[in-house]
Every structure is written in C-alpha cells, then in structure tokens.
C-alpha cells in the first residue's frame with residue numbers, strides 16, 4: 001500500500017483570520033455590523049478574526065457575500081484588492097449610502113463634489 005505524505009494546507013487559520021479582519025475593516029464594518037449581516041454573535045466574529053475558531057464552508061461563503069469579496073481572497077489564495085480603498089469608516093459608510101441613491105441624485109452629488117474639489121485647488 002502506498003504511503004501518504006504529510007498534507008500541507010495552502011492556508012492556515014491565522015491567514016484566514018487576518019484576511020477576515022482586514023476585509024471587514026476595509027468595508028468600514030464593525031464586528032457587530034458584520035455579525036448582524038451573518039446572523040451570528042459578535043463574539044463569534046471576534047473568535048474567527050483571532051483564528052480561534054475554524055470557518056466552515058457555508059460560513060466562508062456567507063463571509064464572502066457579506067464582505068463583497070471572494071472566498072479565495074478570504075482564504076488568501078488570491079491577493080486582496082487594494083485599489084486605493086478608503087480606510088476611513090465615515091467615508092465608507094457614506095459611500096454605501098450614496099451608492100443606493102438614484103442615478104440623478106448621484107450625478108447631482110458628483111457635480112457638487114467636483115466643484116468643491118476644483119475650488120479647493
């Protein structure tokens with residue numbers, strides 16, 4: 001019978017934990033807000049982010065959906081998208097609210113912002 005070598009997983013709990021925490025913060029969410037989106041307790045989100053509890057497949061998919069990312073990014077198999085994302089939660093929350101506006105209101109807001117930025121230079 002052939003011997004099986006030791007399997008080395010491409011990621012570990014600490015990598016997943018770090019990625020969950022970074023993605024949550026980049027999205028401007030608190031642990032409480034993320035927990036509410038997932039339907040779990042904040043303490044459990046904290047334990048996942050500390051790498052104390054392993055994330056099972058179904059919850060990994062839920063995290064990816066709640067954080068608007070891919071499971072590959074959470075697992076660290078695919079680099080996280082930096083794209084110059086804003087880290088200030090105040091701006092992120094406002095951007096999410098702006099994104100839900102009608103196209104007409106978004107255009108009006110962008111015109112105002114452009115004028116403000118042009119005048120500040």
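Read the figures in this text as sums done on the coordinates, not as results from a lab. Quick caveat: nothing in here was measured; it's all calculated off a predicted structure. Here Cβ is always computed from backbone atoms with ideal geometry, including for glycine, and neighbour counts include all displayed protein chains.
Footprinting exposure proxy ranking of 107, 119, fewest other C-beta atoms within 10 angstrom first, gives 119, 107.
Of the residues 36, 96, the one with the fewest other Cβ atoms within 10 Å heads the list, and the complete ranking is 96, 36. Look at 45, 32, 53 and count the other Cβ atoms within 10 Å of each Cβ; fewest to most, that gives 32, 53, 45. Here Kirkwood radius over Cα pairs in Å was calculated from the structure, and among [x] 15.3; [y] 16.1; [z] 16.7 it sits at label [z]. In the elastic network of the chain, a GNM with C-alpha springs shorter than 10 Å, the most mobile of 71, 58, 17 is 58.
With both labels modelled 7 Å from their Cα along Cα-to-Cβ, the residue 99 to residue 25 distance reads 2.0 nm.
Model label points for residue 59 and residue 13, set 7 angstrom from Cα along the Cα-to-Cβ axis, are 1.1 nm apart. Relative contact order of the chain: 28 percent, from C-alpha pairs under 8 Å at least 6 residues apart in sequence. Structure remark: mean-square fluctuation, Gaussian network model of the chain, C-alpha springs under 10 Å; the largest value among 104, 37, 68 belongs to 104.
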